[in-house]
Each structure stands twice: as C-alpha cells, then as structure tokens.
Amino acid sequence: MNYLEKRLSLTTQHHTVSYYDEGSIQSQPIIFIHGFPLNKTMWHQQIGEFKENYRVIAYDIRGHGNSDAGTGDFSIELFVNDLLGLMDALKIDKTILCGFSMGGYIALNAIENYPERFTALVLCDTNCTDDNPEAKENRMKAIESIRLKGLEQYADASLKKLFAPISILKQRAEIAIVREMIMTTPKQSLYKTLRALAERQETCTKLHEITVPVLIMVGKEDVITPPVVALAMHEKMEGSTLHRIDHAGHLSNMENSKEFNTELAGFLLSIKR
C-alpha cells in the first residue's frame, strides 16, 4: 500500500514537513499524528480505510520520517506549532485530530491551547501525565545507551514493549516495519525528542475543559500506557468514549487494525452532522 508523499516548506517553522494527504479536499479532514520513535507510515491501514469518506492527512513530526529537524531543541509546544503551521498551509481551519502515544501528547496540548481549531479528538495508547523522576531518568539512560551501544539494541528493546507477546509471535511483517522506522530515525532526533518528552507538561488538569467529542482507544495488553491510564483520562472527560482493543499492546492500530478501524469508524459516524 503506497501513498503519494508530499513535502511542504513551512517557512514560519523553518523546516520542511513530509505528509500524506489522501481523499477529497472537500471531505471532513482527519489528521493523524504518529508516536515516538516512529513516522507517518504507521497509519497506512487507517489511510486506506478512511480516505474514501474523509480527507486523511498523516505527517512526519519534525526530525522523524522525511521531515526536516530544523534547528534548536524540540518540545511538545514546538510540535504543536508545527501542526498548526501545517493546517494553515493546507488551509484547514478545523479538523478531527487523532494522536497516538507522543502524538496524543501533542493533540492534548493543541486542543488545550487552541480548542477552536478542532472538532473531535481521538487519543490512542497515550496519557495526560508528565514524566515522573524515574521516567525522566530512563529517557536520559536511553540517550546514553544509544550513544554507547548504537540503535540496534534500543530498537530491539523498544519492540518488546511496543507489541503484545502474541503480536511478537505472529506479526513479523509489522515488527519489521516498526523496526525499520526506529532504525532510520536520526540519532540527534531521538535525543532531542527524548528530552522533549521528559520535559513535557501534564494536561490532566485541563481534560474536563475539553468540549468536543472524544474517543479513547487502548490495547488491552499495552504495557507503556496501560488500560488503567486510559480509564483515568476517560473519567476526567464527561461524555468521552473508551474502547479497549483485543489482542493488542501499545501499537493497537497496527496490531489489530480491524477492531481499531471499526471503533474509529463508529465514532466518526456518531459525530457526523
């Protein structure tokens, strides 16, 4: 499944962003934001499913995939500005936003600060908390490990956490795709993003202010952001919908794309005017 990759120079953000833009320009837009240390290709199954009825956009966060890193340090706030810059360049006033893991951190920050730009929110295998001291320390250890031992060991360790045990046994193709995503991410981008994740602010205290429809999805076997974390967010957002996806770990949209897409399709249908 191949989609036409487009590149756009965002002069306000001083970098070039790579993205897919499938479906009719007249259709309701949905923007998919990938996680760390991945890229836009993680959304292939969703693009194929939804491009007939929606304008589906998936882009590479700066420093990932084929998007330039630009200069300076990374932050969630910078990633949000990049998202808004892309929306402005594509003349998208409002959109449905779907964020996975780190993409969820970006989505929550974006809707907290620019609520008028979004019509609905989908949060996948993510959370609203900031890093505790242990998590911050682990991110710094990851930086040192990559520097000293290289990317291969980091990639292999990451795969064991990203996928459910059953997926590791049965979904070799998906594992190979994700491993390639990790291995082709520049080391400097990994370092900068790990620091940005460690320094991010929590968004839990503002969840009750979100007024758009919200769908939260999580793999039942997700060990990175477990179902209990998704439930805690759900309980803070009145009217939100929570769905736990069978036979899936952290990468629920890839491990069980059929159930993921079915739930997302039902949610989108429920909010269609």
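The values are calculated or read from the model by the stated rules, or taken from the named source; none is laboratory data. Here the structure is a predicted model, which is why all the values come from computation and not from measurement. FYI the Cβ positions are ideal-geometry reconstructions off the backbone, even for glycines, and counts take in every protein chain you see.
Observations, loosely collected:
- Of all the listed residues (47, 31, 61), the sole one being part of a loop (DSSP other than H, G, I, E, B), crowded, with 20+ Cβ neighbours inside 10 Å and in contact (Cβ under 8 Å) with a residue 40 or more places away in the chain is 61.
- Scanning the range 199-232 for residues that are buried (at least 18 other Cβ atoms within 10 Å of the Cβ), under 21 Å from residue 117 (Cα atoms) and of a type in the set (A, V, I, L, M) yields a total of 5.
- Considering the range 162-177, the residues that are in a helix (DSSP H, G or I), of a type in the set (A, V, I, L, M) and touching a residue at least 12 places away in the same chain (Cβ under 8 Å) include one that is nearest to residue 35 (Cα to Cα), namely 162.
- Contacts under 7 angstrom Cβ, first residue in the range 133-161 being in contact (Cβ under 8 Å) with a residue 60 or more places away in the chain and of a type outside the set (Gly, Ala, Ser), partner in a helix (DSSP H, G or I) and surrounded by 12 or more Cβ atoms within 10 Å (Cβ to Cβ), 6 or more apart: 136/198
- Taken over the range 69-120, residues that are over 15 Å from residue 55 (Cα atoms), at pLDDT 95 or above, among the hydrophobic types (A, V, I, L, M, F, W, C) and in a loop (DSSP other than H, G, I, E, B) amount to 1.
- So residue 81, is it polar (S, T, N, Q), touching an Asp or Glu at 6+ places or on another chain (Cβ under 9 Å) and either buried (at least 18 other Cβ atoms within 10 Å of the Cβ) or within 27 Å of residue 195 (Cβ to Cβ) (or both): no
- A Cβ distance below 6 Å, combined with a sequence gap of six or more or placement on separate chains, defines the contacts here; from the range 1-14, residues that are at pLDDT below 85 reach residues that are surrounded by 12 or more Cβ atoms within 10 Å (Cβ to Cβ) and part of a loop (DSSP other than H, G, I, E, B) in the pairs 14/70.
- Selection count where residues are surrounded by 15 or more Cβ atoms within 10 Å (Cβ to Cβ) and within 19 Å of residue 190 (Cβ to Cβ), scope the range 155-174: 4
- Yes/no for residue 208 being over 17 Å from residue 100 (Cα atoms), part of a helix (DSSP H, G or I) and either touching a Lys or Arg at 6+ places or on another chain (Cβ under 7 Å) or touching a residue at least 60 places away in the same chain (Cβ under 8 Å) (or both): yes
- Of all residues in the range 211-235, those satisfying the criterion of being in contact (Cβ under 8 Å) with a residue 60 or more places away in the chain and not hydrophobic (A, V, I, L, M, F, W, C) are 211, 213, 219, 222, 225.
- Yes/no for residue 193 being assigned to a helix (DSSP H, G or I) and modelled with pLDDT of 95 or more: yes
- All positions within the range 190-248 that are among the small types (Gly, Ala, Ser) and in contact with a Phe, Trp or Tyr (Cβ under 6 Å, 6 or more places away or on another chain): 196
- If you go through the range 62-77 and pick out every residue that is of a type in the set (A, V, I, L, M) and either over 15 Å from residue 188 (Cβ atoms) or in contact with a Leu (Cβ under 9 Å, 6 or more places away or on another chain) (or both), you end up with 1.
- Within the range 194-215, being under 18 Å from the mean Cα position of the chain (by Cα) and closer than 30 Å to residue 141 by Cα holds for 194, 195, 196, 197, 198, 199, 200, 201, 202, 203, 204.
- Residue within the range 245-260 that is in contact (Cβ under 8 Å) with a residue 12 or more places away in the chain, in a loop (DSSP other than H, G, I, E, B), among the hydrophobic types (A, V, I, L, M, F, W, C) and surrounded by 18 or more Cβ atoms within 10 Å (Cβ to Cβ) present: yes
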